[in-house]
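The values are calculated or read from the model by the stated rules, or taken from the named source; none is laboratory data. Everything numeric here is computed off the predicted structure, so don't read it as measured data. Heads up, the Cβs are rebuilt from the backbone with ideal geometry, glycines too, and the neighbour counts pull from every protein chain shown.
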Amino acid sequence: MEISERAAQLTPSLTLSIDSKAKAMKAEGLDVCGFGAGEPDFDTPEHIKDAAIAALQGGFTKYTPSAGLPELRQAIADKLQADNDLTYKPGQIVVSSGAKHSCYNAILATCQDGDEVVIPSPYWVSYPDMVRLAGAEPVVVQTTERNAWKMRAEDFEKAMTPRTKMLILNSPNNPSGAVYTRDELAAIIEVAAAEDIYILSDEIYEKLVYDGVQHTSVASISKEAYDLTITVNGFSKAYAMTGWRLGYLAAPEAIAKAVDSIQSHSTSHPVSFAQRGAIAALKGDQQPLADMRDEFAMRRNYMYDRITKIPNITAVRPDGAFYVLVNISQLGLSSQNFADRLLSKANVAVIPGAAFGDDRTVRLSYATSIDIIKKGMDRFQDFCRTL
């Protein structure tokens with residue numbers, strides 16, 4: 001049986017591979033400490049769940065406009081104005097089935113066969129394959145630990161060609177936790193604007209920043225940035241709503257209309273009653289978000305401090321998200337080999353950096369309880385000392 005060339009070129013998910021092994025071990029009764037999670041371990045706040053339940057009980061289970069409920073798009077526009085100093089009309093906003101869906105829709109709406117898309121590495125695992133599915137080619141720019149895993153404007157400029165159509169930026173970053181400063185973003189935007197290159201700005205971890213670090217929305221930098229940027233965000237990370245599958249993008253009107261058209265022929269619209277929950281998330285009590293962020297900050301400090309005391313590995317203190325990227329290159333193992341051996345010998349699950357385009361590293365998530373973090377770090381430390 002023959003499958004399409006686009007489907008055949010997709011790479012299997014290393015994150016799912018490690019996760020499935022860890023779950024199989026747990027099913028066998030083994031005590032596994034999982035540092036692979038890409039989702040908050042907190043429950044969705046009650047007022048958000050209540051809004052969705054009320055919508056269900058009220059019979060709000062029918063089709064909605066393909067771009068999302070008008071009142072939700074307005075609430076998102078209000079949020080972007082208040083939080084990010086960005087002025088968008090509801091018609092410039094499209095609500096999709098997760099921020100991942102929004103990213104893919106944005107790439108499909110702007111990129112064609114033969115276009116190139118610049119992606120700084122380490123990157124979120126799905127970006128390159130999304131680009132390939134759209135018929136374009138990913139161009140990976142390797143960053144360094146010395147530069148806090150952030151791409152510099154000169155790195156971007158060197159990677160550009162006449163075929164460059166888009167740059168994908170993710171700040172706060174998964175997997176590194178890096179947060180670009182306003183000046184760093186402005187320098188990158190200057191390069192992009194000179195060649196009219198689109199910027200896909202994935203800001204899903206926007207609310208999870210620590211120690212007074214400020215998140216800057218790319219589109220807020222300048223008029224040129226606004227005209228070239230597709231801002232992607234969602235509800236999964238900030239409001240512990242990963243399973244709800246709700247994300248959104250805000251873009252110049254022509255791009256938003258194209259995305260709406262694509263979505264109308266693929267998924268139609270996001271789940272109706274989940275959208276009512278999203279409205280409650282934006283308009284309701286924000287204290288649960290602050291409490292979750294404070295807990296993540298405490299866990300981050302503990303995990304990072306433990307890592308810095310282990311010989312022959314290094315890490316940059318993450319400013320955002322809920323991951324620590326650990327450089328294991330001095331240990332002489334590939335990231336996949338390290339992760340496999342760590343899981344089989346120490347019952348600790350981490351994600352190999354090869355999944356993120358950097359085989360020198362592994363990613364540890366602190367989106368799990370402090371008790372599991374303490375136990376897992378004991379095992380992680382003991383394992384590293386045997387190498």
*asked:* I need a count of the residues in the range 365-375 that are outside any loop (DSSP other than H, G, I, E, B), of a type outside the set (V, I, T) and surrounded by fewer than 24 Cβ atoms within 10 Å (Cβ to Cβ).
replied: 3
_Being within 25 Å of S66 (Cβ to Cβ), at pLDDT 95 or above and not in a helix (DSSP H, G or I): is that true of K237 here?_
yes
*the range 184-211 residues that are under 11 Å from K165 (Cα atoms) and aliphatic (A, V, I, L, M), paired with ones that are in a loop (DSSP other than H, G, I, E, B) and modelled with pLDDT of 95 or more (beta carbon under 9 Å, 6 or more apart)*: A192/M160; I197/M160
_Just to be sure before I move on: is T308 surrounded by fewer than 19 Cβ atoms within 10 Å (Cβ to Cβ) and modelled with pLDDT under 95 in the structure I sent?_
no
*Output the residues belonging to the range 19-72 that are assigned to a helix (DSSP H, G or I), of a type in the set (V, I, T) and buried (at least 18 other Cβ atoms within 10 Å of the Cβ).*
I48
*Take the residues in the range 186-207 that are in a loop (DSSP other than H, G, I, E, B) and of a type in the set (A, V, I, L, M), then tell me which one is surrounded by the fewest Cβ atoms within 10 Å (Cβ to Cβ).*
I197
*Can you tell me which residues in the range 239-269 are of a type in the set (A, V, I, L, M, F, W, C) and over 23 Å from E184 (Cβ atoms)?*
A240, M241, W244, L246, A254, I255, A256, A258, V259, I262
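Matching residues to (1) closer than 19 Å to F356 by Cβ; (2) assigned by TED's automatic domain parsing to the domain that holds S365; (3) of a type outside the set (A, V, I, L, M, F, W, C):
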{"site": "V140", "(1), (2), (3)": "yes, no, no"}
{"site": "R146", "(1), (2), (3)": "yes, no, yes"}
{"site": "I168", "(1), (2), (3)": "yes, no, no"}
{"site": "G177", "(1), (2), (3)": "yes, no, yes"}
{"site": "L185", "(1), (2), (3)": "no, no, no"}
{"site": "I189", "(1), (2), (3)": "no, no, no"}
{"site": "A192", "(1), (2), (3)": "no, no, no"}
{"site": "E203", "(1), (2), (3)": "yes, no, yes"}
{"site": "T216", "(1), (2), (3)": "no, no, yes"}
*What's the number of the condition I3 fails, among (1) farther than 25 Å from S236 by Cα; (2) touching a residue at least 40 places away in the same chain (Cβ under 8 Å); (3) of a type in the set (A, V, I, L, M)?*
(2)
*From the residues in the range 143-178 that are among the polar types (S, T, N, Q) and under 18 Å from I204 (Cβ atoms), which one is surrounded by the most Cβ atoms within 10 Å (Cβ to Cβ)?*
S176
*Within the range 339-387, can you find the residues that are in contact with a strand residue (DSSP E or B) (Cβ under 6 Å, 6 or more places away or on another chain) and of a type in the set (F, W, Y)?*
F380
_What's the number of the only condition in (1) buried (at least 21 other Cβ atoms within 10 Å of the Cβ); (2) touching a Ser or Thr at 6+ places or on another chain (Cβ under 6 Å) that V140 fails to meet?_
(1)
*asked:* Out of everything in the range 321-350 that is small (G, A, S) and buried (at least 24 other Cβ atoms within 10 Å of the Cβ), what residue ends up being nearest to A297 (Cα to Cα)?
replied: A321
*Can you name the condition, by its number, that P12 falls short on among (1) more than 30 Å from A290 (Cβ to Cβ); (2) touching a residue at least 24 places away in the same chain (Cβ under 8 Å); (3) not hydroxyl-bearing (S, T, Y)?*
(2)
_Residue that is nearest to the chain's Cα centre (by Cα), among those in the range 106-160 that are aromatic (F, W, Y) and assigned to a helix (DSSP H, G or I)_ = Y127
*asked:* So L86 ticks every box in (1) in contact (Cβ under 8 Å) with a residue 12 or more places away in the chain; (2) not in a loop (DSSP other than H, G, I, E, B) but one. Which box is left unticked?
replied: (2)
*Does Q330 satisfy being among the polar types (S, T, N, Q) and over 30 Å from V139 (Cβ atoms)?*
no
*Selected residue (criterion: nearest to Y198 (Cα to Cα)) from residues of the range 161-185 that are outside any strand (DSSP E or B) and charged (D, E, K, R)*: R163
